[in-house]
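Structure, as structure tokens:
Every number here is computed from the coordinates shown, using simple stated rules; none is lab data. Predicted model only: the values in this text are computed from it and were never measured. So basically every Cβ, Gly included, is an ideal-geometry build from the backbone, and we count neighbours across all protein chains shown.
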Amino acid sequence: MDRLPEELNNQLFRKLKSIVEIERMSANERLEYELSLAVERDMLSALDASREEGLAEGVRQTAMNMKRTGLDIGTIADCTGLSKETIQAL
């Protein structure tokens, strides 16, 4: 442990402390803790999905704008990563 960098050593001790705190919880406390973790994971997942949807919509909007200006479909596909078929359908 003396050879570990201080920050890594601190992280290790924080993790061990967290494990001990969880082990000391009653069954009800642990259930509440696990449920709160599940809720947090669900919220983060929803945020990630929302962000990805927003990015996808932004790419589609950009492709539509590029198409409207008369830019070549192949160039739009190269720039946006969308398929030529998708761009033609816009």
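Checking every one of the trypsin sites (Lys or Arg not before Pro) in segment 8-60 against DSSP loop status and a limit of 16 other Cβ atoms within 10 Å picks out Arg24. Of Ala27, Thr62, Ala38, which is farthest towards the positive pole of the chain's charge dipole, taken about the Cα centre with +1 and -1 on the beta-carbons of Lys, Arg and Asp, Glu respectively? Working it through, the farthest residue towards the positive pole turns out to be Thr62. Placing unit charges on the Cβ atoms only, positive for Lys and Arg and negative for Asp and Glu, gives segment 49-90 a dipole magnitude near 120 debye about its Cα centre.
The chain: Rg/Rh from Cα coordinates, Kirkwood Rh?
Numbers: Rg = 24.3 Å, Rh = 17.8 Å.
Answer for the chain: 1.37.
Taking the Cα centre of the chain as origin and assigning +1 to Lys and Arg Cβ atoms and -1 to Asp and Glu Cβ atoms, the resulting dipole is close to 240 debye.
Helix-only arithmetic for the chain: the sum of -39500 (n - 2.57) across DSSP H runs with n ≥ 4, divided by the residue total, places the mean residue ellipticity at 222 nm at -28000 deg cm²/dmol. Please label the shape of segment 22-70 as rounded, prolate or oblate, based on the square roots a ≥ b ≥ c of the eigenvalues of the alpha-carbon gyration tensor (a/c under 1.5 means rounded; beyond that, a/b larger than b/c means prolate, else oblate). Here segment 22-70 falls in the prolate category.
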